[in-house]
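The values are calculated or read from the model by the stated rules, or taken from the named source; none is laboratory data. Quantities reported herein were computed from a predicted structural model and do not represent experimental measurements. FYI the Cβ positions are ideal-geometry reconstructions off the backbone, even for glycines, and counts take in every protein chain you see.
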There are 4 protein chains.
Amino acid sequence: MVIVMKAQATEEDIRRVCEAIEQIGFRAHPLSGEGHTTVGITGNRGDAGRGDLETLPGVAEVRRVLKQYKLASRETKPDDTVVRFAGTDATIGGKDLAIVAGPCSVENREQAFELADQIAATGARFFRAAAFNPHASASRGLRVETLKILAEIRERFALLTIAEAVDSETLGLTAEWADIIQIGARNMQNFSLLRMAGRLRKPVLLERGLSATLDEFLMAAEYLMSEGNYQVVLCERGVRTFDSHAGNTLDLSVIPAVRQASHLPILVDPSHGTGRSDSVLPMARAAIACGANGVAVEVRSLPEKTPAGGPGSIDPEQFAQMMHELGQIAPVVGRTLPRETHGGAAAE
Amino acid sequence: MVIVMKAQATEEDIRRVCEAIEQIGFRAHPLSGEGHTTVGITGNRGDAGRGDLETLPGVAEVRRVLKQYKLASRETKPDDTVVRFAGTDATIGGKDLAIVAGPCSVENREQAFELADQIAATGARFFRAAAFNPHASASRGLRVETLKILAEIRERFALLTIAEAVDSETLGLTAEWADIIQIGARNMQNFSLLRMAGRLRKPVLLERGLSATLDEFLMAAEYLMSEGNYQVVLCERGVRTFDSHAGNTLDLSVIPAVRQASHLPILVDPSHGTGRSDSVLPMARAAIACGANGVAVEVRSLPEKTPAGGPGSIDPEQFAQMMHELGQIAPVVGRTLPRETHGGAAAE
Amino acid sequence: MVIVMKAQATEEDIRRVCEAIEQIGFRAHPLSGEGHTTVGITGNRGDAGRGDLETLPGVAEVRRVLKQYKLASRETKPDDTVVRFAGTDATIGGKDLAIVAGPCSVENREQAFELADQIAATGARFFRAAAFNPHASASRGLRVETLKILAEIRERFALLTIAEAVDSETLGLTAEWADIIQIGARNMQNFSLLRMAGRLRKPVLLERGLSATLDEFLMAAEYLMSEGNYQVVLCERGVRTFDSHAGNTLDLSVIPAVRQASHLPILVDPSHGTGRSDSVLPMARAAIACGANGVAVEVRSLPEKTPAGGPGSIDPEQFAQMMHELGQIAPVVGRTLPRETHGGAAAE
Amino acid sequence: MVIVMKAQATEEDIRRVCEAIEQIGFRAHPLSGEGHTTVGITGNRGDAGRGDLETLPGVAEVRRVLKQYKLASRETKPDDTVVRFAGTDATIGGKDLAIVAGPCSVENREQAFELADQIAATGARFFRAAAFNPHASASRGLRVETLKILAEIRERFALLTIAEAVDSETLGLTAEWADIIQIGARNMQNFSLLRMAGRLRKPVLLERGLSATLDEFLMAAEYLMSEGNYQVVLCERGVRTFDSHAGNTLDLSVIPAVRQASHLPILVDPSHGTGRSDSVLPMARAAIACGANGVAVEVRSLPEKTPAGGPGSIDPEQFAQMMHELGQIAPVVGRTLPRETHGGAAAE
């Protein structure tokens, strides 16, 4: 069930509706949109108490939400969710495309700084490092070390940082040091982790599981939101199919489907989603063309310096080229690239 | 094995090479590219006769082709194949994007004409009608009737026509009346049909099977080409996956993979590939953005006139809007829309 | 719609019902079961003429069939279909398990005879050879040659023969020379071929396509049946999934689902369905254990004689061992192996 | 790398080899089989120190293991692993089939007891309850309550108990109260949880993820084993495919593949693996017929008492029938049902 507030409803009206919901034993989720606020309700079965809520001041309408996911549904909140970051003008889900870039792993402070410099120069605003590789059993000390480098990058290059959490310990560390907590594809249905992250008030980048349906993907977001964390960013990064021309099959067709079913922003990761460097630029362009709110790519240092890099990584020159191309596609879909002129310059 | 001819090789040189190949019992396939010609060889095992061929006049190099498909491979022919149509400047695979549009079925002469008029007005050059629905057992008479309407449309609106062939009888009729023969997804591995179509000298639009790997897709093209028909246009129209947010999962990630592996042009059909009208425009934009040579969409008459239409069909207004948007994305990938200004005008 | 005849309905009653159906413009399909006959109706939409039919002599009930496939549905015909072969006591779909065995291809008359001898000795009743490899473009002469060898095997070893048809020409030849016409996985949705085979009165072995859903599989059978050929045997031989531990993923879970949805018999081909010789015996046992009506396996001559054989082929000793094991599992599911003692003896 | 000890190697020899491995900085994993012990080595790259190890007393051979998973591989340990339970003669992986049964959830003490009684009466030795539904956020109190009921069932009916762990808290509770810790399909790649469970010395039932390849499945087992927990039982419970005739597609073809690649036992769960009650018995029979070490099924109380039950649950009568049928199939594959006569009696 969702309470649609009138456009002129006051903060006080909204508070009173939330209290009324809590009093009848449910949980209230005020979700503010462009024009008006909606209040999602979780924990209820059926229409208990519906009558009373309709008569409260500021209430425009009480509606049932038919989807299994309620708070993540566009039925509950028709306006796009825009995730904002205190002290910056960066957003995910707004008019600006969100560009996330970074290395596979941060092993070397200087290399990470050089890469961050190149990334920031293009206008990208988000730096991601798989701080905690879920495969490796890094010591706590090493993890903190990596997160501190991320924090320095944040300071020096004005980049917002993203790191992955895989359990309660890494969740705590990431929440402390990074701007966005990533929950990876393998943990998309780790409901224990989702609930813990839902209790934080930090944006979460939630990757789609390799065989997650659209409904399961949005239900995972619902776990986060039903605990009160509404700053959820979705990320498509490939699904499992019979084919093997790429590591995974990047499912761009989920983008228009998500945008119709949900108000949450969605990014596309063509690096992990294809595992082919030569597919990253084409698929990044396609992602923006079909309505994604941004892309996340893996950038490696130039080959002569460090040859390594994941199978879907691109080098800084290709990254600058990508920014240039996305800057041209953005206006076709009513979007802009942050610091677009700069980005264009870098690509020359 | 492929014979790479020198740029200055003469027609006579090429003919002599082909004769030499046929004399040692194989089949020669001269494939002319932008700069120079390559001659593919089929039927051979190993390097039989390699030595002799290398010494012929005009031969630059004799190379082995590692892929299972030889003639369809970019190893054999590095230049993009451009399919041309006698008496027109329309192409598939060239600088111009190829836009294919048409109704699910041609049942009504007047409606078909009206739709063809609207399609032609946007600058699109190809009109497709599922003349022979593989599900329906239309009589021969009805089939000829439909094909005659297509031929009239060709005449009156200067549109090139596409119709599907499913067996020897329909193949003969289609070859007689239409400009392009479509072989549908369900028949992608109907090797008997492929071989028959390979013996014709008409362009073939070959749809990817619902669970065809990239290699199987290109092997199906190889069947056509090894019979001497090199005018093959590929078409991605969705694959089978676990997910059901759309009828099929449109696999755009195959586009950059095909373009690397093969010289053949490839179109994307977002109507059948998603089965969702609201996904057609986003996925058409994405298809062009990631390098497809064009799109094929199902257009229905405006609802007030005929409500019916496949689940992924769009109406003429949406089609004009699509043309407008593709016209903006085309230059980002070095392409143009045919009669672009006209297309833009239609969308206003 | 289906007409259920009374148990005591006469041939004359049934004929009159069929005539009445044809008179109102539909097609009647008398399907005789154990106890009573049902008459399926195709070509109708809605309940046209229902009233009249109900009053005819011998009619017990007129029912609507909800599934998309009508004649293939167990709603239409509750009893299992048993395919019989004139002049023999062999059946598919009856109490006896149907065991189909044979080489990948018949290239050598003597080897084929030796193999047929070994197969017949175990009690198996069906000999299959991929007479027409759909990949190869064998000449008509070679095809007839192969079919003649099959016919000799039929004569000499009292084995019923199976060969594949891929188009009108091979369909005619196969119908002439073999006992069962196979329509392979790649042609499961070759509706033109299905309709042609439906007009014959020869049993058809219809393989499931690599990405065919249960409904599509039974709809393919419906194409055959709606033309009047009710002797359809289904065959599961692996589907496409993300995994690659085997060539395909043999979907045994479709067996109980088919047996509930349809009255048609179903075989399992663990040779092509797994592509792993070491999986053939375990999966053959499992197929019988979950209710399949038999198995089809590829048997190669013993290695010292001809090393070749498909990736999922077994040798004659393994085949005899398989027969021995199936003979032990058969009674658990209420089945028998033909000439069981003989089969047991061969395995010693 | 793996050290194969001689059959006559002493405990002292094995200890000395392990010490030598640890001294060069790696981890030693002594895995005792039927005839002789092998010592797996993890943490090594290449053949460091190989020479020294070969000369130690009792060492027969030093071999490289080619698979990505080392300890889970049959290359490392050729003999089947048999998981044993102190104070009982129950095993998983031995000659006896392991039969796991239980309700979807334990909500009612009396009902759980009645069901446990019925299960124990058939000879089944393992009782499983989804003590912690990963979807539900049960309080710690409620969880302990459920686990205590399991402990009572263990006491009263001599059944070994299985419960699921989803995070560090539930892992601790389950290890304390249950005999086997289940790690569910959604957590198969929750590497943090796998490592924690690997540090315990309790058997783990590891479910295959819905889109896990065979290699990923065995790598998940490797995570557990590389922490020193070698008592791993695998469980196939369906994978994601394009088809929907069942909730999931139970992949029985993975059973022979696992048994060839690994020494670990594997069970099949046809209840969750098909989601169809009418498929449970056929697929349970097939699982045993193709070599699984046992089955895990969901049993509901008889309908008149509690109508609810998962979509793939069977009732106690069907369960007894299943035991009867498995008792007949077991000897075909060289297995036995525990307390077979009793099981047979119960089915009468």
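Structure values in brief
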item	result
Qualifying residues in region B:334-344 (those that are surrounded by fewer than 19 Cβ atoms within 10 Å (Cβ to Cβ) and modelled with pLDDT of 95 or more) - the one farthest from B:Ala116 (Cα to Cα)	B:Gly334
First in region D:198-220 and touching a residue at least 40 places away in the same chain (Cβ under 8 Å), second anywhere and assigned to a loop (DSSP other than H, G, I, E, B) and of a type in the set (Asp, Glu), Cβ under 7 Å, 6 or more apart	D:Leu214/C:Asp243
Filtered residues of region A:258-279 (kept if facing chain B (nearest Cβ under 7 Å) and either within 16 Å of the chain's Cα centre (by Cα) or buried (at least 24 other Cβ atoms within 10 Å of the Cβ) (or both))	A:Thr274, A:Ser279
Selection from region A:213-249 of residues that are of a type in the set (A, V, I, L, M, F, W, C), in contact with an Asp or Glu (Cβ under 7 Å, 6 or more places away or on another chain) and surrounded by 24 or more Cβ atoms within 10 Å (Cβ to Cβ)	A:Cys235, A:Val239
Verdict on A:Leu224 being at pLDDT 95 or above and out of contact with any Gly (no Cβ under 7 Å at 6 or more places or on another chain)	no
Which listed residue, of A:Ser244, A:Ser262, A:Ser277, is closer than 20 Å to B:Gly238 by Cα and among the polar types (S, T, N, Q)	A:Ser244
Given (1) more than 22 Å from B:Glu222 (Cα to Cα); (2) surrounded by 12 or more Cβ atoms within 10 Å (Cβ to Cβ); (3) of a type in the set (D, E, K, R), index of the condition B:Glu12 fails	(2)
Output for region A:134-173, where each listed residue is within 14 Å of another protein chain (Cβ to nearest Cβ), in contact with a helix residue (DSSP H, G or I) (Cβ under 6 Å, 6 or more places away or on another chain), modelled with pLDDT of 90 or more and not in a helix (DSSP H, G or I)	A:Ala165, A:Val166, A:Asp167
Members of region D:72-93 found to be in contact with a Lys or Arg (Cβ under 8 Å, 6 or more places away or on another chain) and closer than 30 Å to D:Val297 by Cα, listed by number	D:Ser73, D:Thr88, D:Ala90, D:Thr91
Condition check for A:Asp89: under 20 Å from the mean Cα position of the chain (by Cα) and either without any contact (Cβ under 8 Å) to a residue 60 or more places away in the chain or outside any loop (DSSP other than H, G, I, E, B) (or both)	yes
Where a residue in region A:317-329 is free of Cβ contacts under 8 Å to residues at least 24 places away in the same chain and facing chain B (nearest Cβ under 9 Å) and its partner, wherever it lies, is of a type in the set (S, T, N, Q) and in a helix (DSSP H, G or I), with Cβ under 9 Å and at least six apart	A:Gln328/B:Gln328
Subset of region C:3-37 [in contact with a His (Cβ under 9 Å, 6 or more places away or on another chain) and outside any helix (DSSP H, G or I)]	C:Val4, C:Met5, C:Lys6, C:Ala7, C:Gln8, C:Ala9, C:Leu31, C:Gly33
Hits in region C:210-224 - residues which are within 12 Å of chain B (Cβ to nearest Cβ) and part of a helix (DSSP H, G or I)	C:Glu216, C:Met219, C:Ala220, C:Glu222, C:Tyr223
Residue within region B:281-291 that is part of a loop (DSSP other than H, G, I, E, B), surrounded by 24 or more Cβ atoms within 10 Å (Cβ to Cβ) and charged (D, E, K, R) present	no
Filtered residue count, region C:78-87, keeping only those that are modelled with pLDDT of 95 or more and either more than 13 Å from C:Leu264 (Cβ to Cβ) or in contact with a strand residue (DSSP E or B) (Cβ under 8 Å, 6 or more places away or on another chain) (or both)	5
Residue within region C:55-77 that is part of a loop (DSSP other than H, G, I, E, B), touching a residue at least 40 places away in the same chain (Cβ under 8 Å) and of a type in the set (Gly, Ala, Ser) present	yes
Residue among A:Ser279, A:Ser271, A:Ser253 that alone is over 20 Å from A:Asp96 (Cα atoms), among the small types (Gly, Ala, Ser) and out of contact with any strand residue (DSSP E or B) (no Cβ under 8 Å at 6 or more places or on another chain)	A:Ser279
Search result, residues across region C:200-259 that are acidic (Asp, Glu) and closer than 24 Å to C:Asp278 by Cα	C:Glu207, C:Glu236, C:Asp243, C:Asp251
Leading residue by the ranking (nearest to the other protein chains (Cβ to nearest Cβ)) among those in region A:174-209 that are among the acidic types (Asp, Glu) and either more than 18 Å from A:Ile266 (Cα to Cα) or part of a strand (DSSP E or B) (or both)	A:Glu207
Region B:87-107: number of residues that are surrounded by fewer than 16 Cβ atoms within 10 Å (Cβ to Cβ) and either polar (S, T, N, Q) or not assigned by TED's automatic domain parsing to the domain that holds B:Arg259 (or both)	1
Test: residue in region A:200-207 that is among the charged types (D, E, K, R) and farther than 25 Å from B:Phe242 by Cβ	yes
Residue in region C:225-253 that is nearest to the other protein chains (Cβ to nearest Cβ), counting only those that are outside any loop (DSSP other than H, G, I, E, B) and touching a residue at least 60 places away in the same chain (Cβ under 8 Å)	C:Ser226
